[in-house]
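The values are calculated or read from the model by the stated rules, or taken from the named source; none is laboratory data. Owing to the predicted nature of the structure, the values given are computational and were not obtained by experimental measurement. FYI the Cβ positions are ideal-geometry reconstructions off the backbone, even for glycines, and counts take in every protein chain you see. Areas reflect the complete protein model, heavy atoms only, side chains present, ligands, DNA and RNA absent. Shrake-Rupley method; radii C 1.70, N 1.55, O 1.52, S 1.80 Å.
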Amino acid sequence: MRRGPAAARRTPLRKRLLVRLLSVSALIAVCSVAATAWLAVTTTTSALKEEQGQDLAADNSILARLSGYAATHTDWTDVRRTVRDLAASTGRRIALTTADRTVLADSAPRGTPLPPRPAATVDPLRTDTWTETGAQLSGIDPRAVGPYRVTAAERAELDTLAAERKRCYERFGVDSTVERTPGGRPVLSSPEGTDTSYAAEQCADGRLNTPTPTERRALDELSELTRPCLRRAGLDIEGPVFLTVDPGGRDLVGGYPLYKYARSGTRLGQAAQGCVQTARRTQLEPYVAPVAELFLGIGDQNPSRFDMSPANKAKVVGAAGLVLAVTVAVTALVALRLSRPLRALTEAAQQPPELHVRVPVATRDEIGILAEAFNDLTERRERLEAQRKAMVSDIAHELRSPLTNIRGWLEVVRDGVVDPDPELLASLHEEALVLQRIIDDLQDLAAADAGTLRVHREPLRAADLLDQVAAAHRVAARTAGVTLRADADGTAWLDADPVRMRQALGNLVSNALRHTPADGTVTLTARRDGEEVVLTVADTGSGIAPEDLPYVFDRFWRAEKSRSRRTGGSGLGLPIVRHLVAAHGGTARATSEPGTGTVFTLRLPAAAPPGDAS
């Protein structure tokens with residue numbers, strides 16, 4: 001005894017009503033946990049943001065500290081103690097490595113893997129950190145003084161001069177303090193807003209700001225390092241390039257010629273500043289530690305700093321109660337949705353056959369399967385009717401535009417508004433050709449649908465086919481600025497209709513040229529693959545979105561709905577390609593990657609070359 005379709009189509013266990021009810025119960029529990037977790041996250045957001053701000057400040061402090069170490073040491077030999085102290089004070093894991101990831105110092109236990117990427121690069125000659133002495137972005141750390149550090153004797157002499165300058169300032173009523181730069185040079189500073197111009201003018205004796213012998217030697221060396229770069233930039237400055245140092249110890253001040261260029265803001269001024277920076281880095285490089293990679297991680301020294309308040313706990317409890325109430329409502333709603341198809345099926349079964357309507361399918365269990373089977377005939381009829389209406393609407397839309405243009409121009413000619421000049425006649429002829437092309441395409445599709453599309457087969461060499469198609473579209477490709485190439489396997493032969501195959505490939509090439517920008521490429525290839533010949537048309541155009549790819553062979557379909565017939569085609573070329581290939585016993589397929597291009601692949605039965613007895 002044969003079983004009917006209903007007996008053969010048994011409901012899987014996971015689709016049965018009992019299983020669904022159990023699933024709803026599990027879903028209730030998941031929703032409760034998810035809601036509670038969400039509320040807990042939202043109540044801690046502000047606290048986490050505050051901690052993130054603190055961590056960012058700690059990270060900047062770590063980088064500044066390590067940059068200062070590199071600026072005052074020639075290597076990283078003794079950096080381990082500094083790393084341990086920083087890790088203990090910030091609660092972060094700190095690791096320093098060379099560029100090839102050789103560990104220099106790590107606050108974590110040996111063997112702990114490094115984070116996936118470094119947080120920063122420690123390079124005192126190209127630092128992005130701000131220090132108390134004011135390092136600029138991508139500039140040289142002011143703590144890197146190298147050969148500019150004054151000796152003890154020079155420092156004592158400068159201290160004496162600074163004390164005299166301070167006493168002179170006091171005689172003019174200006175309060176000042178003596179501070180020391182990283183290089184050991186004393187400088188005078190006054191409270192912000194204090195006018196020191198008059199006192200500075202009266203007390204200036206030229207001795208405090210004069211470079212010491214140590215600084216002079218370093219400046220002379222820097223002058224020689226800078227001069228070749230200045231010559232290449234077109235600044236051949238005679239005499240000393242540098243005369244003194246900034247009293248604040250933060251930068252070098254050039255002699256008058258270089259100062260003039262550097263302050264001009266011109267290309268030469270920028271070149272002068274670049275030469276100074278490059279020479280200073282070269283001069284200071286032997287005095288600073290090599291470049292290192294800084295890795296930061298989460299430490300375990302500090303306990304959790306967030307504790308949920310009683311108010312937040314009350315919110316969590318309230319949210320749990322709300323979730324429970326919502327769960328009861330959802331369960332009732334699910335029960336109604338499970339019974340609704342039964343009521344709908346009963347009402348539909350009581351209607352006359354001609355009035356049967358679709359019933360909603362709210363579930364995928366046994367009731368849902370029954371409802372789907374009941375809706376099959378109705379859906380099929382509705383689908384065919386919708387396709388018919390869409391076909392009529394699309395055809396009317398495609399024919400309306402050229403007919404309206406032809407009618408409009410003929411009416412203005414008839415009324416004597418314009419003369420029927422050759423340009424107007426050419427435009428009308430073009431519109432007539434558009435109509436003819438649409439009608440011819442519709443006839444081909446109608447013949448394919450009716451099974452009367454005839455093909456006249458003959459042995460056809462694939463290479464000749466591609467050469468003919470490429471020659472026919474060479475002018476259009478050149479006009480569009482697109483390179484058209486053809487590459488075929490000389491051994492590939494087809495048993496096909498040459499006219500129909502040229503039509504199919506021509507449609508693909510025309511479509512590719514429309515969607516390929518200037519300087520793009522359209523490539524035609526042919527190769528034999530076993531018992532088949534594979535023809536491809538690949539372009540480097542805009543591509544087709546994945547959600548649109550299944551519809552490229554549908555009639556009157558365009559990827560961009562706003563395209564007109566002239567820019568996007570009539571929407572019939574690709575359906576004709578599919579039918580022509582099917583008439584030859586082959587298949588058509590499209591693959592695409594947005595932004596890269598599209599490849600149309602035709603697979604057709606191969607044929608033996610003429611005269612080949614095998």
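The combined condition, being under 30 Å from residue 121 (Cβ atoms) and assigned to a helix (DSSP H, G or I), is fulfilled by residue 215. Residue 478 meets all of the listed conditions (1) open to solvent by 30 Å² or more (accessible area, probe 1.4 Å); (2) at pLDDT below 90; (3) farther than 21 Å from residue 580 by Cβ but one, namely (2). The residue that is most open to solvent (accessible area, probe 1.4 Å), counting only those in segment 146-195 that are touching a residue at least 40 places away in the same chain (Cβ under 8 Å) and either in a loop (DSSP other than H, G, I, E, B) or of a type in the set (Lys, Arg) (or both), is 149. Applying the criterion of being part of a strand (DSSP E or B) and among the small types (Gly, Ala, Ser) to the residues of segment 76-119, the residue that is surrounded by the fewest Cβ atoms within 10 Å (Cβ to Cβ) is 105.
Out of 190, 176, one residue alone is within 28 Å of residue 141 (Cβ to Cβ) and in contact with a strand residue (DSSP E or B) (Cβ under 6 Å, 6 or more places away or on another chain). It is 176. Being open to solvent by 50 Å² or more (accessible area, probe 1.4 Å) and modelled with pLDDT under 90: is that true of residue 514 here? In short, yes. Exactly one residue out of 443, 503 is over 19 Å from residue 523 (Cβ atoms), in contact with a helix residue (DSSP H, G or I) (Cβ under 8 Å, 6 or more places away or on another chain), open to solvent by 30 Å² or more (accessible area, probe 1.4 Å) and modelled with pLDDT under 85: that is 503. Residues that are at pLDDT 90 or above and open to solvent by 30 Å² or more (accessible area, probe 1.4 Å) were ranked within segment 452-466; the one that is farthest from residue 581 (Cα to Cα) is 464.
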